[in-house]
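Undergrad: Please find one structure pasted underneath; my questions will follow.
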Amino acid sequence: PTDFSAISYGGQPLTQVVEHLQNQSSAYSASAEIWILDEAGIQAATGSTIVATTTGAAETRRISSAFFAGVDQLDPIGQTGTAGENANETQTLTVALSGGELDAGDMVIANNSVRNDQNGDTSWTWQNGFTQIGAYSPPGAPYLNYSDAAVLSDGTAEIASVVILNNGVGALAVAALNHAADNGVCGDGSLDVGEQCDDGN
């Protein structure tokens, strides 16, 4: 069992948004975590090296990164949610986000970590419009694999759902990135996460 206690990018500390530590009391476990760094931190970074500090004995550790434009810097995170399971068979992990701060133009991101059952290579299929943006699933050992996915919200409920094959312990962490208000230059009333507002200057 392991847990990320600190992560930095170019020397700038990230903030943990959400995590799910599944079956941490036994020898087999999976942790899914989402951390963020604001625009000021990215600008202040010296280089692009990511350093992660963990606690606990760890068999394998994986980390991935993605950059998103158009995130509200004053209130970057909306809803979050987690799910997990321990069974050695095909499983579906699901987290539903709705209401509250979830608006059209928000980006919902999901991290799925799986310790497979050693009887086959882990594979997964994201549902409900989520598009995979990163993954690590080598054949055989090591047994900890992950997949990241995202979907641009239309303002209604977003259901992060992933069907996992040949898995043991699995964890899913989900967070919505709030989109920034339009600065009035682009004139469409909002700036979706991932959308650049270009005034031509």
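The values are calculated or read from the model by the stated rules, or taken from the named source; none is laboratory data. The structure presented is a predicted model; accordingly, all values stated were derived computationally and were not measured. When we count neighbours, we look across all protein chains shown, and the Cβ atoms used for this are built from the backbone with ideal geometry, even at glycine.
Undergrad: Here are the criteria: (1) aliphatic (A, V, I, L, M); (2) under 19 Å from Ile133 (Cα atoms); (3) in a loop (DSSP other than H, G, I, E, B). Tell me which single one Ala32 does not satisfy.
TA: All conditions pass for Ala32, except number (3).
Undergrad: How do the strands (runs of 3 or more DSSP E) wholly within the stretch 117-201 filter down when requiring 2 or more residues that are at pLDDT 70 or above and surrounded by fewer than 20 Cβ atoms within 10 Å (Cβ to Cβ): which remain?
TA: 123-126, 131-136, 144-154, 158-165
Undergrad: Given Ser26, Ser8, Ser65, which one is within 22 Å of Ala149 (Cα to Cα), modelled with pLDDT under 95 and polar (S, T, N, Q)?
TA: Of Ser26, Ser8, Ser65, the one residue that is within 22 Å of Ala149 (Cα to Cα), modelled with pLDDT under 95 and polar (S, T, N, Q) is Ser65.
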